[in-house]
Amino acid sequence: MSVAPSRPRAPSLALAILAAAIAATPAAAQSPGPVLSCAGPLAADASHAAVLAALGEKTVVWREVDGAEGEKIGATVLFPDDPKRRIELFWADEEKRAGLASAQPGRDNRAAAPNGVRPGMTVAEVEKLNGRPFRLSGFGWDYGGAVTDWKGGALAKPAPGGCVVSVRFGLAEGADVVAARVAGDREFASNDPKIRAAGPVVESIALGWPRP
């Protein structure tokens with residue numbers, strides 16, 4: 001007896017599934033907006049082809065995006081024309097565009113990470129979620145403001161689905177004079193008075209899937 005091939009998911013249904021995956025996390029109950037998930041559509045075994053088949057050409061494109069140090073990197077971009085929903089997906093196997101390595105929300109996407117960290121949070125607010133101070137790199141260079149060590153706090157643990165959350169802080173405009181004291185390729189404690197005086201806030205988050 002022959003078995004009829006399964007039909008691809010309709011884009012409207014796939015978008016509903018993606019929306020559910022974004023919202024269905026423990027952090028969602030305490031969050032004022034959408035919360036990303038590292039399970040479901042955004043999972044370690046995802047691929048560009050699978051995401052494209054589910055969401056369609058209007059929602060999913062392949063293009064070069066800005067990387068560190070002026071590098072251009074190929075990425076799958078979700079909602080490329082909607083800055084508030086834009087997400088860039090990077091693949092462990094770049095040739096096959098398979099095996100999700102990281103998911104990076106766009107600059108204007110205010111969705112929170114599965115652990116509750118959201119763009120705009122202050123250092124003190126992130127410390128509270130972590131349960132202790134952490135360490136971050138100095139500002140004013142390509143890797144500036146990135147959290148380098150959660151010091152064994154709650155935010156060091158993988159989120160449900162197995163991803164880890166990377167967090168990067170930025171300084172407000174007009175902080176140049178103070179920022180000079182926390183600039184450069186060096187590390188600071190989050191409770192360092194110089195960091196607190198500079199007033200950094202979470203600029204971006206990313207979900208990552210470590211590979212063996």
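General observations
- In this structure the amide hydrogen of ASN191, modeled in the peptide plane, comes within under 5 Å of the amide hydrogens of PHE134, none closer than 5 places in sequence on its chain.
- As a ratio to 2.2 N^0.38 Å, the alpha-carbon radius of gyration for the range 69-111 is 1.20.
- Label zone at ALA197, where the point sits 7 Å out along the Cα-to-Cβ direction: the range 117-153 residues whose backbone N lies under 15 Å: none
- Ordered from largest to smallest accessible area (heavy atoms of protein chains, 1.4 Å probe), the residues LYS72, LYS96, LYS58 come out as LYS58, LYS96, LYS72.
- Across the protein chains, with a 1.4 Å probe defining accessible surface, the residues LYS128, LYS194 rank LYS128, LYS194 from largest area downward.
- A Förster radius of 45 Å combined with the Cβ-Cβ distance from ARG181 to GLU94 puts the calculated FRET efficiency at roughly 0.70.
- Where only C-alpha atoms are counted, convex hull volume of the range 26-147 per residue in Å³: 129 Å³
- Normalised per residue, the accessible area of the range 116-173 is 47 Å², obtained with a 1.4 Å probe and no contribution from ligands, DNA or RNA.
- Note on LYS151: accessible area is roughly 100 Å² with a 1.4 Å probe, heavy atoms of protein only.
- The Cα-based radius of gyration and maximum Cα-Cα distance (Dmax) for the range 105-212 are 13.3, 43 Å.
- Estimated FRET transfer efficiency (ALA189, ILE73; beta-carbon r; R0 30 Å; 0.05): 0.45
The values are calculated or read from the model by the stated rules, or taken from the named source; none is laboratory data. Quantities reported herein were computed from a predicted structural model and do not represent experimental measurements. All Cβ positions, even for glycine, are placed from backbone atoms using ideal geometry, and neighbour counts span all protein chains on display. The area values use the complete protein model at the heavy-atom level, side chains included, leaving out ligands, DNA and RNA. Shrake-Rupley method; radii C 1.70, N 1.55, O 1.52, S 1.80 Å.
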